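Before any comments, here is the structure.
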Amino acid sequence: MSSAGVGVPRPPPREVRQDMPPKGGYAPIDVRRNVPKSVSPMMAWLLLGGGAAVVFGGLINVAHTNQWRRKLKKERMAIRENITPFLQSESDVEFVVQSEEFLRKEAEIMKNRPKWQVGKNVYYTKDFVSPTNPDASHVY
């Protein structure tokens, strides 16, 4: 081991070594462009026609997909139109049941008030105001 410890900086060497090319030099580098002279007109028309065919085919596919989606949308709307009366009737039955329950509770709660009329509109209007949610069925 040398007298200098590990990690202690050393002075640079007295002679400088420089990398040099090998004897006889490097092999020549080919820098010529390797581009085809030209594309034949037939091949250019073929590429243009192929690209146009792909674009046209894609547009036809989009048109068919749009028609299919339109048919599905019409079918969904027809289903909704046909099922709406049944859903409305269920909602009406539920409203009647809740209204009867409300009137029963109102009569029970207000039984000690002789002038109270069960089911009388608490608002001064003759118009029917439908409830905003099932829990607010007493608003009419």
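Only the coordinates and a few stated rules stand behind these numbers; no lab work does. Being a predicted model, the structure only gives us computed values, none of them experimental. Cβ placement follows ideal geometry from the backbone for every residue including glycine, while neighbour counts extend to all protein chains displayed.
Brief remarks on what is shown
- Per-selection Kirkwood Rh - the stretch 43-136 (Cα, Å, 1 d.p.): 19.6
- Each residue, E108 and F95, gets one label point 7 Å from its Cα in the Cβ direction; the gap between the two is 2.5 nm.
- Summary value for the chain: 14 percent relative contact order, contacts being C-alpha pairs under 8 angstrom separated by 6+ residues.
- Here the spin labels are modelled as points 7 Å beyond Cα on the Cα-Cβ line, and at A78 and S38 they lie 6.1 nm apart.
- Additional length obtainable on full extension of the chain from V55 to V118, 0.36 nm per residue less Cα span: 15.4 nm
- Under 5 Å, built H, 5+ apart or other chain: amide partners of M110: none
- Counting lysine pairs in the chain whose alpha carbons fall under 30 angstrom apart, excluding pairs fewer than 8 residues apart on the same chain, gives 6.
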